[in-house]
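Some notes on the structure that comes next.
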Amino acid sequence: MSSDGQNQHRPRRGVMFVISSPSGAGKTTLCRRLISEVPGVQLSVSATTRSPRPGEADGADYHFRSVEQFEDMIDRDEFLEWAKVFKNFYGTPRSEVEARLVAGTDVVFDVDWQGARALKTIRPGDVCSVFILPPSLAQLKQRLEGRPGADEKSVQSRLDGAGQDILRWGEYDYAIVNDNLDTAFAELRAILYVERNKRARASLGIAVDQLLKDARVATKTQSGSATGEGH
Ligand code: ADP
Ligand code: 5GP
């Protein structure tokens, strides 16, 4: 295996890498880093009715939509899942997913516990889910306050909601404490590398058939050797 965890010669189905945390614990930071540093990983860009924060771009961070536009997307069945979070709607467009998985691209989903639960239910074989925990509530508050565009009301409502998110951590496949960012990132990347090699998504059938065929030939040769053939 090459050192970056990529096995480019080996076709496989992409991983649906689902990441959740209480708001402010660092999942956006970790997901962005994964996408920029690990080849073969793309972000599922959600649609939302919330306003952009400073520095956020339409189409890159979210597809920013009006409530009417979002409801039209629901009516047209364009979402794999959608949920209401902090009085705004958020949804995963179907268009962000299937073609990429088939092409062997891993897709990262930054979604809340409702989204994680829905995706795991819809695609149990594709999803690997990770919950990011903050080291403490005090540090969570600090991070929320330090985020661009933070105001007292939004910080408080996110802190109030943190407990409800943390309650669901037991539904996830993995949990990481985001204390030191580099350590948390290394752990997240390691989980993805492991998941890439899960037997069910590895598309190794043809390669293994060949190995088995070769093994039978080798067995014959060996037994031939044992009887003196080939000397
Ligand atoms: P989330 O997406 O979970 O709401 P963000 O990724 O936006 O959280 O992170 C919230 C804030 O905390 C950001 O300003 C980010 O730079 C900062 N942050 C993330 N991880 C760490 C960390 N390990 N140590 C210190 N600050 C962090
Ligand atoms: P934020 O407004 O801080 O970007 O996101 C608020 C919450 O909505 C976060 O927990 C984030 O993971 C979640 N979220 C973002 N996109 C989606 C989505 O498409 N579906 C669901 N269910 N949650 C989402």
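The values are calculated or read from the model by the stated rules, or taken from the named source; none is laboratory data. Just so it is clear, the structure is predicted and the values come from calculations on it, not from any experiment. Positions of Cβ are backbone-derived with ideal geometry, glycine not excepted, and every protein chain shown enters the neighbour counts. Keep in mind that these areas ignore ligands, DNA and RNA; they rest on the heavy atoms of the full protein, side chains included. Shrake-Rupley method; radii C 1.70, N 1.55, O 1.52, S 1.80 Å.
Of note:
- Accessible-area order (highest first, 1.4 angstrom probe) of the listed residues Val208, Val15: Val208, Val15
- Cα-based shape type of segment 16-204, given that a ≥ b ≥ c are square roots of the gyration tensor eigenvalues and the cut on a/c is 1.5: oblate
- Figure legend: label point modelled 7 angstrom from the Cα of Lys87 along Cα→Cβ; residues of segment 25-50 with amide N under 19 Å from it are 48-50.
- Cα gyration tensor shape for segment 21-110, rounded if a/c is under 1.5, else prolate or oblate: oblate
- The listed residues Ile206, Ile74, Ile122 rank as Ile206, Ile122, Ile74 when sorted by accessible area, largest first, using a 1.4 Å probe.
- Under the Karplus curve 6.51 cos²θ - 1.76 cosθ + 1.60, θ = phi - 60°, whole-Hz ³J(HN,Hα) for segment 73-86, x wherever Gly or Pro sits: 5, 4, 4, 7, 6, 7, 9, 6, 7, 8, 7, 9, 10, 6
- For Val111, the amide hydrogen comes within under 5 Å of the amide hydrogens of Ile19, counting only partners 5 or more places away or on other chains and with H modelled in the peptide plane.
- Solvent-accessible surface (1.4 angstrom probe) belonging to Glu78, in square angstrom, nearest 10: 60
- For Thr105, residues with placed amide H under 5 Å, excluding near neighbours: Gly14
- Extending 7 Å from Cα along the Cβ direction at Ile74 and again at Lys213 yields two label points whose distance is 5.4 nm.
- Lys pairs under 30 Å by Cα in the chain, provided they are eight or more residues apart or on distinct chains: 16
- Here the Karplus curve 6.51 cos²θ - 1.76 cosθ + 1.60, taken at θ = phi - 60°, turns the phi angles of segment 22-28 into couplings of x, 4, x, 6, x, 5, 5 Hz, with x standing for Gly and Pro.
- Remark on Ala175: its backbone amide H falls under 5 Å from those of Phe131, a criterion applied only to residues 5 or more positions apart or on other chains, H modelled at 1.01 Å from N.
- Sequentially through segment 176-188, phi angles give Karplus couplings (6.51, -1.76, 1.60; θ = phi - 60°) of 10, 8, 8, 9, 7, 4, 5, 5, 4, 5, 4, 5, 4 Hz, Gly and Pro residues having no value and appearing as x.
- Principal-axis analysis of the Cα atoms of the chain puts helix 205-226 at an angle of about 30° to the longest axis.
- Average accessible surface area per residue within the chain, 1.4 Å rolling probe, Å²: 55
- Relative to the longest principal axis of the Cα atoms of the chain, the long axis of helix 152-166 makes an angle of roughly 40 degrees.
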